[in-house]
1. Please tell me if residue 122 is under 15 Å from residue 38 (Cβ atoms) and either at pLDDT 90 or above or not acidic (Asp, Glu) (or both).
2. Of everything in the range 46-67 that's aliphatic (A, V, I, L, M) and surrounded by 12 or more Cβ atoms within 10 Å (Cβ to Cβ), which residue is farthest from the ligand (Cβ to nearest atom)?
3. Specify the residue that is nearest to the chain's Cα centre (by Cα); the eligible residues are those in the range 103-119 that are modelled with pLDDT of 80 or more and surrounded by fewer than 15 Cβ atoms within 10 Å (Cβ to Cβ).
4. Kindly check whether there is at least one residue in the range 68-91 that is within 16 Å of the ligand (Cβ to nearest atom) and modelled with pLDDT of 90 or more.
5. Would you check if residue 64 is in contact (Cβ under 8 Å) with a residue 40 or more places away in the chain and under 12 Å from the mean Cα position of the chain (by Cα)?
Amino acid sequence: MHEWNPENIQKCGDIYAECTEAALMIRRCGSCSRLFAPPVTRCSACRCDDFERVPAGGNGSIVCWRMVTCAPDARTDSVKSMIAIVELDEGPWVYTTIDGEPPRAGRRPVRVRFQAPPRGDRFPVFVINAGQAVAAE
Ligand SMILES: [Zn+2]
């Protein structure tokens, strides 16, 4: 599990910035086949450091989220965006940017799907599934 701190977020952002495919790429351990999200570089189960990049299905649930205000660079005005940790259906947790309104507190997980590779904010972009019962609680 990742700790929620700026250092981890920065590291993840750098790695996701390399991802330009239409699919969200995760890592599979070359020895035991467990799946991980970047920036994992060593398998927590078997200590192997040989990973293969594989596409994720792109669906998951929001674990936690936070609104942040930041500027992509020094010449750009600050913008508000929602960053989140999403648990993919395959298991790994990934840092993401969420497009759309912040989810209301509820007991049911908020389902999201992968939308696009990283933009200026470096994280893969997810959207909240249409028809999600955000106000159902
Ligand atoms: Zn392994």
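The values are calculated or read from the model by the stated rules, or taken from the named source; none is laboratory data. Computed from a predicted structure; not experimentally measured. Positions of Cβ are generated from backbone atoms using ideal geometry, with glycine treated the same way; all protein chains shown enter the neighbour counts.
1. yes
2. My answer is 62.
3. 109
4. Taking the range 68-91 first, the residues within 16 Å of the ligand (Cβ to nearest atom) are 90-91.
Now drop any that are not modelled with pLDDT of 90 or more, which leaves 90-91.
Checked the range 68-91: at least one residue is within 16 Å of the ligand (Cβ to nearest atom) and modelled with pLDDT of 90 or more.
5. On the way: in contact (Cβ under 8 Å) with a residue 40 or more places away in the chain: yes; under 12 Å from the mean Cα position of the chain (by Cα): yes.
The answer is yes for residue 64.
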